[in-house]
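Structure first, then comments.
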Amino acid sequence: MRNGYGNSCSRACFLFFTFFFWLNGIALLCFGLWVLLDPARYYTLDLVDFSEDEPLLKFATYGLLAVAGSERCLVGSFIFFLMLILLIKASLAFMAQSYKDKFPDNRMQVYLANISQTRYYRDKWVQPEMDTIQFYQQCCGGYGPKDYLNSFWYITNTERGTRSFVPQSCCRQSQQVNTKGCGTLMKQWTNNQTYIFIIVTAATALTDLIGISIGLIYMRQISEYSFVTN
């Protein structure tokens, strides 16, 4: 005779976790959408997207089916999915840290100064990215507005009907230019946002570990078969 309910306490805990896991997927989906749709954030946190969050919702639904069916196979598969997601999150956290370490010391300033001098207004992808950075960070160039002196932009632009010294995104008003360079500001901003991402990833990874533990306990307490003796 099949008996698939196991211990009621562990079953209730596992059911609660699957609901919580489903809500966690919704929260991460909203976080990913916020990052992608907020122009003040997407240019640095492109690596944070919601491609992981749709599978989270599917796995959570799978977990609910595992509770309903109380099958070892279903619960075991759900635990495997949790372990897989945990590895993905660890990889994302490592990638975020590696991304931050690409710009030690003043390399961010050098990189943005080089872009301002040689690639702005020439490469199509550079201009909207730099404009977004300069507008939201209220800065100009890598070290400052002088990065545009004799630049490709300075030589070729006719944005206002005449040659402009700096792009319009560098200007606070028509006659005022942001004097701070973007290098230091972007370095600080990138560090802060990366730490937030790592903290969020670590917190959700801890949730996965708790779910794996609860799932293992629940799976052990499920009895596939019990025999009725006369």
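So, in the stretch 104-119, of the ones that are of a type outside the set (S, T, N, Q) and either assigned to a helix (DSSP H, G or I) or more than 27 Å from the chain's Cα centre (by Cα) (or both), which residue ends up farthest from Asn192 (Cα to Cα)? Restricting to residues being of a type outside the set (S, T, N, Q) and either assigned to a helix (DSSP H, G or I) or more than 27 Å from the chain's Cα centre (by Cα) (or both), the top hit is Arg119. Exactly one residue out of Gly69, Gly63, Gly76 is small (Gly, Ala, Ser) and modelled with pLDDT of 70 or more: that is Gly76.
Limited to the stretch 88-129, what total is found for residues that are among the small types (Gly, Ala, Ser) and free of Cβ contacts under 8 Å to residues at least 60 places away in the same chain? Even if it seems obvious, please write down each step before you answer.
So in the stretch 88-129, the residues among the small types (Gly, Ala, Ser) come out as 90-91, 93, 96, 98, 113, 116.
Filter again for free of Cβ contacts under 8 Å to residues at least 60 places away in the same chain, leaving 91, 98, 116.
Looking only at that region, the number is 3.
The values are calculated or read from the model by the stated rules, or taken from the named source; none is laboratory data. Please read all numbers here as calculations on a predicted model, not as lab measurements. FYI the Cβ positions are ideal-geometry reconstructions off the backbone, even for glycines, and counts take in every protein chain you see.
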